[in-house]
1. Restricting the search to region 660-704, which residues are open to solvent by 20 Å² or more (accessible area, probe 1.4 Å), outside any helix (DSSP H, G or I) and acidic (Asp, Glu)?
2. Find the strands (runs of 3 or more DSSP E) located wholly in region 737-829 whose residues include 2 or more that are open to solvent by 20 Å² or more (accessible area, probe 1.4 Å) and over 21 Å from Glu860 (Cα atoms), and list them.
3. Of all residues in region 273-317, count the ones that are without any contact (Cβ under 8 Å) to a residue 40 or more places away in the chain and surrounded by 14 or more Cβ atoms within 10 Å (Cβ to Cβ).
4. Condition (residue is touching a residue at least 12 places away in the same chain (Cβ under 8 Å), out of contact with any Gly (no Cβ under 6 Å at 6 or more places or on another chain) and among the basic types (Lys, Arg)) applied to region 681-696: is it met by at least one residue?
5. Given the criteria out of contact with any Cys (no Cβ under 6 Å at 6 or more places or on another chain), modelled with pLDDT of 95 or more and either part of a helix (DSSP H, G or I) or open to solvent by 10 Å² or more (accessible area, probe 1.4 Å) (or both), does Glu186 qualify?
6. In this structure, is Ile204 over 17 Å from Leu330 (Cβ atoms), more than 37 Å from the chain's Cα centre (by Cα) and touching a residue at least 24 places away in the same chain (Cβ under 8 Å)?
7. Do we find that Tyr198 is in contact with a helix residue (DSSP H, G or I) (Cβ under 7 Å, 6 or more places away or on another chain), assigned to a strand (DSSP E or B) and aromatic (Phe, Trp, Tyr) in this structure?
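The values are calculated or read from the model by the stated rules, or taken from the named source; none is laboratory data. Computed from a prediction, not measured in an experiment: that's the story for all the values here. Quick reminder, even Gly has a Cβ in these numbers, built from the backbone with ideal geometry, and neighbours come from all protein chains shown. The accessibility values were calculated without ligands, DNA or RNA, using every heavy atom of the protein model including side chains. Shrake-Rupley method; radii C 1.70, N 1.55, O 1.52, S 1.80 Å.
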Amino acid sequence: MEIPSKYNPGLVEDKWYKYWMDKDFFKSVPDNRVPYTIVIPPPNVTGVLHMGHMLNNTIQDILVRRARMQGKNACWVPGTDHASIATEARVVAKLKSEGIDKKTLSREQFLEHAWEWRHKHGDIILEQLKKLGASCDWDRTKFTMDDEMSESVIHVFVDLFNKGLIYRGVRMVNWDPQAKTAVSDEEVIYREVKSKLYHVKYPIQGEDGFVTIATTRPETILGDTAVCVNPADPRYRHLAGKKVIVPLVNRVVPIIEDSYVDMEFGTGCLKITPAHDINDYEIGIRHNLESIDIFNEDGTLSDKALIFVGIDRFKARDLAVKKLEEDGLLAKVEDYVNKIGYSERTDAVIEPRLSMQWFLRMKDLAQPALEHVMNDDIVLYPSKFKNSYRNWMENVRDWCISRQLWWGQRIPAYYIGNSNEYVVAENIEKAVELAREKSRNNKLQAGDLRQDEDVLDTWFSSWLWPISVFDGIRNPGNTDINYYYPTDDLITAPEILFFWVARMIMAGYEYRNEKPFKNVYLTGIVRDTKRRKMSKSLGNSPDPLRLIEKYSADGVRVGMLLCSPAGNDLLFDESLSEQGRNFTNKMWNAFRLVKSWQIDGDAKPAMAAEMAIIWFYERLKQGVYEIEEAFKQYRISEALMIAYKLFWDEFSSWYLEMIKPEYQKPLDHRTYQATIEMFEVLLRVLHPFVPFISEEIWHYLKERPQGYTLMYEKSPSVKPVDKEKLKLFEHVKEVVTFIRNTRVENQIPMKQPLKLCVKPISYSNDFEAVIIKLGNLESIQVIAEKVEGAVSFITADAEYYIPLGDKHNHEEELAKLKEELSYTKGFLESVMKKLNNEKFVNQAPAKVIELENRKRADAETRIRSLEERIASMKR
């Protein structure tokens with residue numbers, strides 16, 4: 001086959017992805033192999049590919065492709081999340097743009113529009129993932145509102161209700177006025193903001209005096225039903241049993257005492273608004289206070305506010321302040337910094353609100369989920385997240401699982417007639433049976449029941465994801481769930497550790513009595529170089545598809561990993577994708593170079609080539625071992641860097657230079673075959689990271705049977721490494737670099753041969769042929785005495801001299817040796833600090849101590865040689 005001079009990633013990527021899909025190479029069915037399973041964190045159907053998806057799915061694809069090459073039955077399940085709040089908001093906005101108000105539609109009519117939108121837009125992000133090279137089993141694609149998935153969700157709700165874990169009640173919830181629904185505690189993002197602290201006078205009934213209360217929310221004065229002081233506060237003992245008049249509405253309310261009040265905050269006097277503050281709500285329960293809800297569901301003031309009715313809460317705040325000033329009841333205003341909760345979905349300021357909702361008791365569910373993470377049955381990478389996980393799980397609160405929306409799984413509670421009596425059932429037929437029993441009315445029909453209007457929190461479907469994608473809720477004994485569950489690795493972001501990961505673990509132990517996954521790899525947040533989170537509003541988030549088009553999918557994959565240490569924020573720069581593209585070009589050019597050589601079947605290998613093969617074979621084994629160790633610890637970026645340097649530095653820059661035949665001369669067949677074999681091993685190492693170019697080169701490298709793929713080739717196995725050979729070659733690199741630097745510094749052309757003299761300490765001549773070739777030496781001479789008028793270089797095993805005659809600059813050479821001596825002494829000092837540190841010596845592994853001792857011995861030898869050389873030059 002003719003090899004193109006330039007690599008064309010666009011054509012290659014489309015060609016090979018179609019080939020993989022046509023051949024069903026991503027498909028997995030249970031068999032007798034060891035399974036390896038990943039379930040994709042389902043992206044929202046509202047979403048398009050962003051940099052976080054790129055990182056997350058690149059890592060998943062690397063792990064899946066690696067598992068295939070290890071001979072495992074790899075199954076990567078894709079899918080999308082119905083995203084109740086976000087999708088409903090999109091559909092409402094679309095309808096509005098068409099002149100349709102949601103309020104004019106029935107539930108069924110709205111859902112028709114919602115499903116139409118989902119069918120049109122819902123799979124866009126999955127199609128985009130294919131451009132990245134994602135090797136999912138697309139036949140297994142799931143959507144959280146597929147019929148069988150919804151059945152699983154409803155089944156779990158009914159089951160948990162029957163176990164007494166789901167209940168309905170009026171509670172203080174986090175209300176999103178923009179989405180007009182409750183959200184869970186985990187969906188509230190707190191930010192520090194600059195606010196105002198308003199000091200307001202409350203007149204004491206029947207007296208001329210007043211009490212002053214500090215509040216950040218003067219609009220909620222309209223819902224005050226008490227003023228509270230601490231019983232231990234001597235300043236307010238005289239107020240016990242008295243009443244005050246609430247400003248703006250002139251409501252008379254009692255002064256109560258409760259130890260909750262912080263005597264140091266503000267004035268030590270607290271206004272109590274039970275309907276709009278969780279702590280006030282608790283105080284209201286203890287003191288049997290009235291609760292006045294002054295807000296409508298959209299954040300405007302309700303009729304119960306009495307004034308400012310129908311006005312937005314923030315506008316009402318301004319009006320309340322103005323009125324308090326006019327009434328002479330505003331004592332002062334201070335600047336104040338406080339934390340305010342925002343909706344994770346809409347970014348609206350959360351309003352604490354009393355509401356009838358459905359809740360899931362979490363305490364008992366959380367216990368096994370906490371235990372199995374703390375004992376590392378489920379391992380978090382990096383482990384630093386265990387502490388925050390434990391803190392959340394030990395303080396877990398009941399989960400508000402109902403949402404005031406239409407898009408989602410409708411809560412399977414059915415009310416009898418117009419009463420608040422209800423039954424919970426998986427369908428209307430079962431509901432009628434239960435309702436007849438409960439009401440003792442056998443004449444009840446389906447028309448006599450009305451289903452709860454709310455839907456379930458989206459997370460209530462996705463917490464079942466690792467089980468429900470294999471139909472493990474509806475059919476708990478089926479072949480798929482028994483084979484693929486528990487899954488192996490979950491790759492996700494730290495910000496949904498509690499939203500999703502913890503809850504999946506709870507569901508796993510509740511419904512399978514088994515963990516849902518063995519390892520959780522938590523990626524960092526993708527930020528720009530200014531450490532800002534990437535977002536459309538800031539304009540700092542590049543379009544991933546544009547990056548792929550510009551730098552190739554392989555290039556972008558490499559670029560994502562060049563900046564992605566586990567659990568730490570990623571500072572992404574487009575130049576990293578360019579670096580990734582340059583790496584693929586390096587692979588292509590190295591391949592073309594090897595294929596361009598003429599081969600002589602009768603020629604014998606040159607000595608330098610024979611030594612190169614011996615060395616690189618060991619270096620390749622060492623690289624395979626290091627990559628395997630990095631993967632074991634989920635240091636995936638590190639694994640890539642090892643593979644990257646193995647190819648770029650060791651193979652391309654050293655090995656190929658060592659074997660390269662002289663100009664217009666052929667390469668011997670044995671060296672060529674060894675090089676092709678090593679290139680193939682490198683492609684197997686690199687394939688999980690850069691699947692497209694590795695597949696392309698693999699097929700060009702030599703003829704393959706029809707229907708074969710690199711994807712199913714066996715990954716290189718770990719073998720013993722000759723460390724002595726590798727150590728010797730590191731000295732060779734130092735010597736060759738010394739020779740090349742000498743040429744540059746003294747303007748000696750490469751074509752002019754040089755002589756190298758060696759005064760051995762523990763010198764080995766194993767790689768002399770390599771040094772002669774790469775340094776273009778006429779000879780290497782072993783000597784007993786130092787050489788005058790020569791440039792010198794000292795290593796732990798020998799002193800090296802290049803005689804330069806008239807070209808030698810004595811003063812420059814002396815200065816260079818002194819600089820090297822200073823550096824080596826500094827290096828020895830840093831090593832000795834470690835070895836003299838008792839804590840380090842007692843805690844560090846024996847191998848680390850051994851390495852530090854070797855560093856000390858080498859440095860001491862080098863210092864002695866340098867000092868002797870400097871002394872001799874001063875004579």
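1. Matches in region 660-704: Glu662, Glu703.
2. Numbers: elements: 754-760, 777-782, 790-794, 798-803.
The strands (runs of 3 or more DSSP E) meeting that bar are 777-782.
3. Residues meeting the conditions: 9.
4. Within region 681-696, one or more residues are touching a residue at least 12 places away in the same chain (Cβ under 8 Å), out of contact with any Gly (no Cβ under 6 Å at 6 or more places or on another chain) and among the basic types (Lys, Arg).
5. Working: out of contact with any Cys (no Cβ under 6 Å at 6 or more places or on another chain): yes; modelled with pLDDT of 95 or more: no; either part of a helix (DSSP H, G or I) or open to solvent by 10 Å² or more (accessible area, probe 1.4 Å) (or both): yes.
Taking the combined requirement at face value, the residue does not satisfy it.
6. Numbers: over 17 Å from Leu330 (Cβ atoms): yes; more than 37 Å from the chain's Cα centre (by Cα): yes; touching a residue at least 24 places away in the same chain (Cβ under 8 Å): yes.
In short, yes.
7. Working: in contact with a helix residue (DSSP H, G or I) (Cβ under 7 Å, 6 or more places away or on another chain): yes; assigned to a strand (DSSP E or B): yes; aromatic (Phe, Trp, Tyr): yes.
It is true that Tyr198 is in contact with a helix residue (DSSP H, G or I) (Cβ under 7 Å, 6 or more places away or on another chain), assigned to a strand (DSSP E or B) and aromatic (Phe, Trp, Tyr).
Residues checked against (1) over 22 Å from Glu626 (Cβ atoms); (2) under 34 Å from the mean Cα position of the chain (by Cα):
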position: Asp668; (1), (2): yes, no
position: Arg684; (1), (2): no, yes
position: Glu695; (1), (2): yes, yes
position: Tyr700; (1), (2): yes, no
position: Glu713; (1), (2): no, yes
